[in-house]
Amino acid sequence: ALNPTFFNAVVKDNDITAVPLCLPIFVGVLAVSALHEAGHFVAAKRHDVKLGSPVPLPSLQVGTFGSITPLRSFPSTRTALFDVAISGPGVSMLVSMILLVSGLSLTISSQSLATFPVVPAATMKSSFLIGSIVSVVAPNMMIVPLSQPIPIHPLFLVGLAGLLMSAVNLLPIGRLDGGRACMAAWGRRPASPISLLSLLALAFYSFSGVSGIIVFWGAIVSLTQRLPDIPAVDEVTGVGDLRVNSYIALSVMALLALVPFPGGVGPI
């Protein structure tokens with residue numbers, strides 16, 4: 001909407017023919033969300049776990065928060081539960097990172113910036129992880145005043161939306177992907193206080209008003225996802241160090257995606 005050509009056409013001239021320019025971003029965000037869900041279903045099929053139909057969760061800030069995908073059968077082991085939980089955000093986070101880097105690379109090498117979407121420079125510092133990537137790939141963007149609009153390739157915005165969607169779903173709370181993975185990695189008893197503390201931290205962050213995403217996500221989680229999920233048939237056997245370490249690594253990336261870069265503000 002900050003692109004002057006798009007803004008003038010839609011707002012001043014009432015010309016809706018410019019609206020289809022949003023379609024690449026719209027389709028891209030839905031595609032990343034679909035890959036997220038595909039990751040869950042592939043892992044579920046491998047471990048013979050039945051999943052319910054995904055319920056999409058729209059977002060005013062990033063298009064979608066993903067979907068609520070309920071378990072319809074008891075996972076045979078904690079490993080099965082872990083793989084089903086982590087496969088979705090793992091796939092979407094990896095794809096989003098590739099899109100972020102690709103979008104930045106195409107932006108700095110493009111000769112047609114006037115056709116690109118425009119966002120405030122503050123977007124580059126809205127997340128520590130995003131700011132770190134931008135600092136490496138396109139460092140000049142980090143010295144632009146926060147309020148200045150800058151053109152950016154649509155792939156970057158798709159990657160940004162996918163990264164934030166993956167990050168909020170990896171929070172170790174209740175029936176979220178992160179909550180299921182936490183329960184599988186360390187067991188039901190340690191996961192309960194971790195979920196409670198994470199929910200309290202999410203509530204505190206929501207009331208601070210720093211991030212619109214966290215406010216809406218906190219409300220959704222509190223109403224629908226705060227309770228623990230169904231147990232595995234074998235709740236005793238662990239998932240192994242490799243899976244635990246991969247979960248820790250993804251959780252750290254999720255937190256870095258949700259905290260602002262120094263000098264910036266919270267995510268969108």
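The values are calculated or read from the model by the stated rules, or taken from the named source; none is laboratory data. None of the values given here were measured: they were computed from a predicted structure. Neighbour counts are summed over all protein chains in view; Cβ atoms, including those assigned to glycine, are modelled from backbone coordinates with ideal geometry. In case anyone asks, the SASA skips ligands and DNA or RNA and just uses the protein heavy atoms, side chains included. Shrake-Rupley method; radii C 1.70, N 1.55, O 1.52, S 1.80 Å.
Can you find a residue in the stretch 35-49 that is open to solvent by less than 70 Å² (accessible area, probe 1.4 Å), modelled with pLDDT of 90 or more, among the acidic types (Asp, Glu) and in contact with a Gly (Cβ under 7 Å, 6 or more places away or on another chain)?
Yes, the stretch 35-49 contains a residue that is open to solvent by less than 70 Å² (accessible area, probe 1.4 Å), modelled with pLDDT of 90 or more, among the acidic types (Asp, Glu) and in contact with a Gly (Cβ under 7 Å, 6 or more places away or on another chain).
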Output yes when any residue across the stretch 66-81 is farther than 17 Å from residue 161 by Cα, modelled with pLDDT under 90 and either of a type in the set (Ser, Thr, Tyr) or touching a Leu at 6+ places or on another chain (Cβ under 9 Å) (or both), and no when none is.
no
Just for the stretch 199-231: of the residues that are small (Gly, Ala, Ser) and either under 17 Å from the mean Cα position of the chain (by Cα) or assigned to a loop (DSSP other than H, G, I, E, B) (or both), which one is surrounded by the fewest Cβ atoms within 10 Å (Cβ to Cβ)?
209
Scope the stretch 197-231; condition at pLDDT 85 or above and more than 22 Å from residue 67 (Cα to Cα); matching residues:
197, 200, 201
Condition (residue is under 19 Å from the mean Cα position of the chain (by Cα) and within 17 Å of residue 99 (Cα to Cα)) applied to the stretch 136-150: is it met by at least one residue?
no
Can you tell which of 121, 31, 44 is over 25 Å from residue 150 (Cβ atoms) and of a type in the set (Gly, Ala, Ser)?
44
If you go through 201, 161, the only one that is small (Gly, Ala, Ser) and in contact (Cβ under 8 Å) with a residue 40 or more places away in the chain is 161
Residues that are part of a helix (DSSP H, G or I), under 24 Å from residue 184 (Cβ atoms) and in contact with a Cys (Cβ under 9 Å, 6 or more places away or on another chain): does the stretch 88-111 have at least one?
no
Determine, yes or no, whether residue 161 is open to solvent by less than 40 Å² (accessible area, probe 1.4 Å) and in contact with a helix residue (DSSP H, G or I) (Cβ under 8 Å, 6 or more places away or on another chain).
yes
Identify, by number, the condition in (1) modelled with pLDDT of 95 or more; (2) open to solvent by 60 Å² or more (accessible area, probe 1.4 Å) that residue 143 doesn't meet.
(1)
If a residue must be in contact with an Asp or Glu (Cβ under 7 Å, 6 or more places away or on another chain) and part of a loop (DSSP other than H, G, I, E, B), how many such residues does the stretch 43-84 contain?
4
Look at residue 251 and say whether it is of a type in the set (Ser, Thr, Tyr), assigned to a helix (DSSP H, G or I) and farther than 29 Å from residue 121 by Cα.
no
